[in-house]
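Reading through the structure tokens given below for one structure.
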Amino acid sequence: MENKAIGLDKGWDYMQKGITKLKRILEGLPEPPFTSEEYMMLYTTIYNMCTQKPPHDHSQQLYDKYREAFEEYISSTVLPSLREKHDEFMLRELAKRWANHKVMVRWLSRFFHYLDRYFIARRSLPTLNEVGLTCFRDLVYQEVHAKVKDAVITLIDRALLKNVLDIFVEIGMGKMDRYEDDFEADMLQDTGAYYSRKASSWIEEDSCPDYMLKAMSHYLHSSSETKLSEKVQNELLVAYANRLLEKEHSGCRPLLRDDKVEDLSRMYRLYCKIPRGLDPVANIFKPHITAEGTALVQQAEDATSNQASSATGVQEQVLIRRTIELHDKYMAYVTDCFQNHTLFHKALKEAFEVFCNKTVTGNSSAELLATFCDNILKKGGSEKLSDEVIEETLEKVVKLLAYISDKDLFAEFYRKKLARRLLFDRSANDDHKRSILTKLKQQCGGQFTSKMEGMVTDLTLARENQANYEDYLRSNSAAHPGIDLTVTVLTTGFWPSYKSFDLNLPAEMVKCVEVFRGFYETKTKHRKLTWIYSLGTCHINGKFEQKIIELIVLTYQAAVLLLFNASDRLSYSEIMAHLNLTHDDLLRLLHSLSCAKYKILSKEPNTKTISHGDYFEFNSKFTDKLRRIKVWEILPLSFREFSPCTFISWNLVYLLLRFQNSDPKFVFREQLILCKTNIGNCRNCFLEDIFYLNFVNSPSKVPLPPVDERKKVVEDVDKDRRYAIDAALVRIMKSRKVLGHQQLVSECVEQLSRMFKPDIKAIKKRMEDLITRDYLERDKENQNMFRYLA
């Protein structure tokens, strides 16, 4: 038996009851929610009315009544409620009605869903959702959008504003034309004037941070940001940029000075959206850092000039420490406040390059930085830090090195200080020693650290060599010199050069040298050992009448004293002949032993100056309350490679010297011999007699190297720079063959700038030298052109 067809009127009456219930729910009237049975009955009614055979298929009529249901509800309920309200109240009502309308569309679309699936799809009609939104657009939106636009401009409630503006967007059903045409166009037209008025008022009344807070507005829909930003930003930020950023008590400089991190971050977020908007901020950031850094340098200068010379080194080390702290501070600004923007990295780099290349009391930043590293890494340094802090500090020092133009000067100073630590076992931690070399290599390249790495390798090989020497002596007991001897063999090309004096060694030392040379020749005949004595010290037991006193003296002083084991009285001329020293050198030596604090020798006549006619004797009556005294402290600088206060901070390794002698006045106790070797033809190889010292000096007694040493370092670096410039010029011309003067100079500067900033005059001078040496030639027709001569 067939089911009876559902008529349109009967079916719609049933649907109308469901629609009425939905309306009551939306209006907030007492009404229970839909049950699943009610929902299924409504859906089934539509399904049956659409699937009946013609003429009982009511699909088209139901599609039309679906639209009529919205139109009736809008006309009878929605529009009257909107017409009786104004301004913000009208906007709130609109937002509410739009939310209700979307709920109504969603529920009715479910009831009539069968239409969407078959009838609408087959006939390509607008979907149920589109029909529902179109009704609201045509009946509500078209009537109220003008009033809504005017009300929105003055609206403060951000949440309400967002809800209202979403209507403009959603009413377009996937397109932005309603929002753009009905709201955005008019809004953009009025924005310039509106914000111009606001900005002119805010700039007078508010501080820079308060101004920026007001400017941080996110009211409009995201699609408006690009179009609106130009107008808003121009009026709020661009037009008043200088006045805002330069405000005396709250502008960019005070914010930097007072560490206002949040305000600086807000400033970045505002100005980063403007083309070149960050330029004025960076232009303030750079001189601010420069001024702070320059002030640190000036403070160090003033403190050094107002304090004793012993405090000079301390002030300069404080400067490096404060510079590191300054870099940490502003690098955090660049990272956190300015989001790692390249403009601020560049400003930071250029600012630090200004004051990091200034001199302090005549000392270059490269030298100060090298000394700072040395103080951290050596035993007994003033910086008492944990391993983690040392590692972190070294990382920061290497970062500072990037700002120093004379990196080659740093390398040479650091190499000399590294040499001292290595030779005299002054490194506090071998891991840190290797770590900084790794960091320097990463920062400046392998060539920068090649000599330093060679020095470290030399010390490792030297220990192996010493073990082999001891094996040699055990297997050749007849060759033993009677003295336990330690020799460190080094490669000349890696190590700094030291002054050498042509001293006649005592016989005991001569035998030591000969024995070791015999051993070394069994290993290789292609290397030459040459010896130097300028850094040597000796422990000698002096047998005085009251007691035996241990004398710590330099090798040269020891050579003088040992002469009196064989003679009771010697003239100035006899001592000179025995030692083969110049008058100036001998005067200083004898003065240190007979006229200074410790008078180991007595002289005739008994004056405080040395003359060529003086006679000297062993002072057997000499005594001191101490059993060990350092006589070498008083020796003038000419006999020392370094100043006394630098030297006594070294912690040297010692070994025992054993002598068989009847009754000498002076007996050797300890000796360490250091020699240098060079592979192939040796021209600058050295021997140094090094003896045991084991005490640590206070930081105030560890100044920078003496002027003579500093001058020598600078001269060596200048010489190396000439070679580097020559090599760069030849390298460029070999590749380019023909090049103009200006371009050649420019490329040369670019190649060398990683290590040092070459002087243009020096480059031109080297170019002329290469011309005379037939590496280059000037073009005969154009003197500004150069050709490479193969």
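The values are calculated or read from the model by the stated rules, or taken from the named source; none is laboratory data. This one's a predicted model, so the numbers in the text were calculated from it and none came from an experiment. Glycine also receives a Cβ, built like all others from the backbone with ideal geometry; neighbour counts cover every protein chain displayed. The accessibility values were calculated without ligands, DNA or RNA, using every heavy atom of the protein model including side chains. Shrake-Rupley method; radii C 1.70, N 1.55, O 1.52, S 1.80 Å.
The table for this structure:
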quantity	calculated
Cα-Cα over 19 Å, subset of Lys346/Lys399; Lys599/Lys625; Lys451/Lys764; Lys396/Lys439	Lys451/Lys764
Kirkwood Rh in Å, taken over all unlike Cα pairs in the range 1-101	15.7 Å
Length added when fully stretched, Asp769-Cys595, from 0.36 nm per residue minus Cα-Cα	57.4 nm
The range 708-788 - percent of accessible surface contributed by carbon and sulfur, probe 1.4 Å	47 percent
Segment His345-Asn476, length gained on full extension (0.36 nm per residue, minus Cα span)	40.6 nm
Relative pair counts by distance (%), Cα atoms of the range 8-176, 10 Å bins	9, 36, 31, 18, 6, 1
Reciprocal of mean inverse Cα separation for the range 708-788 (Kirkwood radius, Å)	13.1 Å
Cα-Cα over 24 Å, subset of Lys286/Lys417; Lys737/Lys761; Lys711/Lys757	Lys286/Lys417
Net charge, Arg67 excluded, C-beta distance under 13 Å - Lys, Arg +1, Asp, Glu -1	-4
Of every Cα-Cα pair in the range 536-630, the percent that sits beyond 23 Å	17 percent
In range of the label at Asp718: residues from the range 760-780 whose backbone nitrogen is under 13 Å from the point 7 Å along Cα→Cβ	762
Ellipsoid equivalent to the range 252-448 - semi-axes via the Cα gyration tensor, in Å	33, 19, 15
Pairwise label distance in nanometres, Thr582 with Asp759, each label 7 Å out on the Cα-Cβ vector	2.7 nm
Within the accessible area of the range 8-176 (1.4 Å probe), percent carbon and sulfur	54 percent
Span from the the range 115-133 Cα centroid across to the the range 535-558 one, whole angstrom	112 Å
Solvent exposure of the range 708-788 as accessible area per residue, Å², 1.4 Å probe	63 Å²
Proportion of all alpha-carbon pairs of the range 408-551 beyond 22 Å (%)	53 percent
Arg24 accessible area, assembled protein chains, probe 1.4 Å, Å²	90 Å²
Amide hydrogen neighbours beyond the local backbone of Cys538, cut-off 5 Å, H modeled	Val553, Leu554, Thr555
Efficiency of FRET between His249 and Gln299 - r from beta-carbon atoms, R0 22 angstrom, step 0.05	0.30
Asn429-Ser201 pseudo-label distance in nm [points 7 Å out on the Cα-to-Cβ vector]	6.2 nm
Length gained when the stretch Gln16-Ser735 is fully extended (0.36 nm per residue, less Cα-Cα span)	249.7 nm
Efficiency of FRET between Gln60 and Phe89 - r from beta-carbon atoms, R0 41 angstrom, step 0.05	0.50
Protein accessible area in the range 252-448, 1.4 Å probe - carbon and sulfur %	48 percent
Paramagnetic reach from Ile274 (point 7 Å along Cα→Cβ, amide N under 14 Å) across the range 231-255	231-247, 252
Kirkwood Rh (inverse of mean 1/r, distinct Cα pairs), the range 405-490, angstrom	14.8 Å
Förster-model FRET efficiency, 56 Å R0, Val261 and Arg517, C-beta, rounded to 0.05	0.25
Heavy-atom surface of the range 538-599, accessible at 1.4 Å and reported per residue (Å²)	37 Å²
Neighbourhood charge, 10 Å Cβ-Cβ cut-off, centred on Leu133 and excluding it, Lys, Arg +1 and Asp, Glu -1	-1
Net charge contributed by nearby residues that have their C-beta within less than 12 Å of Lys346 (K/R +1, D/E -1)	-1
Cα centroid separation - the range 378-443 against the range 13-53, whole Å	84 Å
For the range 312-373: accessible area per residue (Å², 1.4 Å)	36 Å²
Distance in nm between pseudo-label sites at Ser497 and Val749 (7 Å out along the Cβ direction from Cα)	3.2 nm
